[in-house]
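So the structure is just underneath, and the comments pick up after that.
The values are calculated or read from the model by the stated rules, or taken from the named source; none is laboratory data. Quick caveat: nothing in here was measured; it's all calculated off a predicted structure. Cβ coordinates were reconstructed from backbone atoms using ideal geometry, including for glycine residues, and neighbour counts include every protein chain displayed.
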């Protein structure tokens with residue numbers, strides 16, 4: 001295509017939208033006009049992964065993007081998706097650079113300009129380990145400080161976590177109050193409640209949440225959340241927390257416990273408070289729920305009685321459970337029959353062997369791919 005093409009920029013933008021980023025970067029070098037059109041597409045999706053080490057203690061990719069946005073403020077409206085992830089080399093023993101917090105502060109200066117941002121993922125690695133006197137603000141909160149993102153629909157926030165580091169403060173509450181369109185929220189490094197105003201003042205449209213049980217119990221009431229994914233220990237999922245989770249404005253239909261080593265007692269408690277579940281994904285605690293046989297692993301009969309307490313369960317995923325033996329199709333088929341007797345609504349089961357079984361219209365179980 002000639003660079004002096006009479007095609008209007010809108011048509012060029014439509015054509016460029018079908019190109020992958022590597023090809024689009026090449027197109028941007030063809031001419032000033034192509035560069036001007038392609039830039040908006042290139043900057044609509046920003047994915048940065050920085051690995052911090054003793055030699056490179058600062059997130060160079062993040063800083064490059066920061067300076068690029070300072071020089072191109074007209075592109076702020078085009079950014080729709082921003083993913084920034086900082087990790088540390090496993091062999092690195094040096095403490096994090098105190099300048100990481102300065103980078104977090106700089107990030108907020110750019111993020112607050114991204115008024116069209118729809119998807120935000122920030123994982124700031126060791127930044128929250130930096131300790132400064134008389135500072136009381138989480139690294140993530142620095143990055144989103146004074147940010148008002150009216151179009152944001154997906155948000156995932158977090159940093160490396162250990163007990164005793166700087167917790168989240170009222171600044172995260174302020175941020176959430178200024179994201180009225182947020183549908184999906186993940187908070188990976190907070191293990192207590194959040195003092196967020198009730199809907200519709202904050203998160204009126206929240207549909208899914210991933211985080212600790214205590215945080216979920218404080219966020220879910222009064223909001224239309226139908227999917228939750230919990231992290232932490234199974235002891236964190238107390239009956240009090242479960243009871244507070246029931247106060248959503250729509251029934252919770254999906255629960256993911258793959259990040260928790262779950263005992264049958266937890267499932268029984270869950271069934272008492274969340275009987276509306278249709279999809280359940282769990283990582284079973286092997287020492288409590290499995291025994292080993294030469295042919296593979298067999299779930300204890302007790303699990304059937306637990307499943308019987310879920311009257312609406314359609315999909316059961318046990319694949320996050322670490323397998324202790326070889327997969328055996330015959331054993332799994334027997335278990336499918338046993339589980340469906342206890343829970344007649346079941347239609348799909350995925351075992352720790354990663355094998356998926358479905359029930360046909362004649363109530364027979366078949367392994368996918370067999």
Please work out if residue 122 is surrounded by 15 or more Cβ atoms within 10 Å (Cβ to Cβ), touching a helix residue (DSSP H, G or I) at 6+ places or on another chain (Cβ under 9 Å) and not in a helix (DSSP H, G or I). yes
Residue set 172, 165; condition touching a helix residue (DSSP H, G or I) at 6+ places or on another chain (Cβ under 7 Å) and either at pLDDT 95 or above or closer than 27 Å to residue 116 by Cβ (or both); output residue 172
Residues satisfying the stated conditions in the range 336-366, i.e. touching a residue at least 12 places away in the same chain (Cβ under 8 Å), assigned to a strand (DSSP E or B) and out of contact with any helix residue (DSSP H, G or I) (no Cβ under 6 Å at 6 or more places or on another chain): 348, 350, 356, 359
The range 283-333, subset at pLDDT 80 or above, touching a strand residue (DSSP E or B) at 6+ places or on another chain (Cβ under 9 Å) and part of a helix (DSSP H, G or I), residue nearest to residue 265 (Cα to Cα): 307
Which ones in the range 230-248 are under 27 Å from residue 178 (Cα atoms) and free of Cβ contacts under 8 Å to residues at least 40 places away in the same chain? 230, 241, 244, 245, 246, 247, 248
Could you grab me the full set of residues in the range 223-245 that are surrounded by 16 or more Cβ atoms within 10 Å (Cβ to Cβ), at pLDDT below 95 and more than 21 Å from the chain's Cα centre (by Cα)? none
Which of the residues that make up the range 221-265 are more than 20 Å from residue 206 (Cβ to Cβ) and in a helix (DSSP H, G or I)? 234, 235, 236, 239, 240, 264, 265
